[in-house]
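First the structure, in the form of structure tokens, and then the observations on it.
The values are calculated or read from the model by the stated rules, or taken from the named source; none is laboratory data. None of the values given here were measured: they were computed from a predicted structure. Glycine also receives a Cβ, built like all others from the backbone with ideal geometry; neighbour counts cover every protein chain displayed. The protein model used for the area step is the full one, side chains on, heavy atoms only, and it has no ligands, DNA or RNA in it. Shrake-Rupley method; radii C 1.70, N 1.55, O 1.52, S 1.80 Å.
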Amino acid sequence: MIKEFESKMSVIKISSPKINFPEISLEAGESIGIYTNSPSKYIKYFFKIITDPSKNAEKVTINEIVANTTPWVGRTFTHIVIPEVWNDDILQILKNKPERRHLIFIGAKDNQIKKEKLPQISEQVHEYLKKCAVLTITDSTELIEAVCKKVIDTNGNELILTEEKVCMDKDGNIVSLDDVDCNIKNINIKKYRFVGEKNDYLEDLF
């Protein structure tokens with residue numbers, strides 16, 4: 001998991017969004033993921049907020065500058081990491097970050113992520129967190145696990161990633177060990193769920 005860094009510099013704060021987007025407050029050294037089944041929609045909402053903040057939120061600050069009166073601030077200080085925009089993979093886009101970009105925004109669908117590169121992506125984000133903040137929007141639990149310290153849903157509710165062992169039946173269906181007896185050698189699949197504070201299932205990924 002990502003390690004903590006001490007910092008009091010506010011990198012981004014989105015207060016009272018006027019569109020369907022959670023309030024966000026991030027300092028350098030912090031990373032948060034927004035988990036959603038509709039990443040493309042919420043990536044567009046984020047762009048609306050940073051490109052036209054006065055229209056889409058009560059107040060937006062980036063690098064402690066009020067962006068509502070200076071819309072260029074969002075574009076100037078944000079490094080956009082979206083595979084379909086750059087036609088490149090996440091790791092390479094991260095490595096191309098300009099020096100003065102202190103907010104790193106990662107927006108990706110699960111099928112756009114090269115899973116074998118997740119350890120390197122995690123290391124790169126870890127290095128950037130010494131001076132930057134990272135905001136991620138995705139439907140990938142693996143990406144969230146690799147780059148985020150905290151995860152919320154689109155309403156701002158904090159989610160907790162839990163894991164359980166499952167196996168496959170003879171027809172190739174994923175089943176829980178609680179539901180069926182299976183050969184121990186077949187227990188090789190992880191099943192992830194997001195749970196809330198009351199231990200209710202908020203998102204079932206299967």
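Before moving on, here are some points about what is shown:
- Unmet requirement for Lys41, which otherwise passes all of (1) surrounded by fewer than 17 Cβ atoms within 10 Å (Cβ to Cβ); (2) in a strand (DSSP E or B): (2)
- Qualifying residue in the stretch 133-143 (condition: at pLDDT below 95, under 19 Å from the mean Cα position of the chain (by Cα) and assigned to a strand (DSSP E or B)): no
- Within the stretch 70-82, tally of residues that are surrounded by fewer than 19 Cβ atoms within 10 Å (Cβ to Cβ) and assigned to a helix (DSSP H, G or I): 3
This table checks each residue for (1) assigned to a helix (DSSP H, G or I); (2) free of Cβ contacts under 8 Å to residues at least 60 places away in the same chain; (3) under 15 Å from Leu103 (Cβ atoms).
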{"residue": "Ser15", "(1), (2), (3)": "no, yes, no"}
{"residue": "Ile19", "(1), (2), (3)": "no, yes, no"}
{"residue": "Pro22", "(1), (2), (3)": "no, no, no"}
{"residue": "Gly29", "(1), (2), (3)": "no, no, yes"}
{"residue": "Gly33", "(1), (2), (3)": "no, no, yes"}
{"residue": "Lys48", "(1), (2), (3)": "yes, yes, no"}
{"residue": "Lys55", "(1), (2), (3)": "yes, yes, no"}
{"residue": "Val60", "(1), (2), (3)": "no, yes, yes"}
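- Phe105 satisfies every condition listed in (1) touching a residue at least 60 places away in the same chain (Cβ under 8 Å); (2) open to solvent by less than 10 Å² (accessible area, probe 1.4 Å) except (1).
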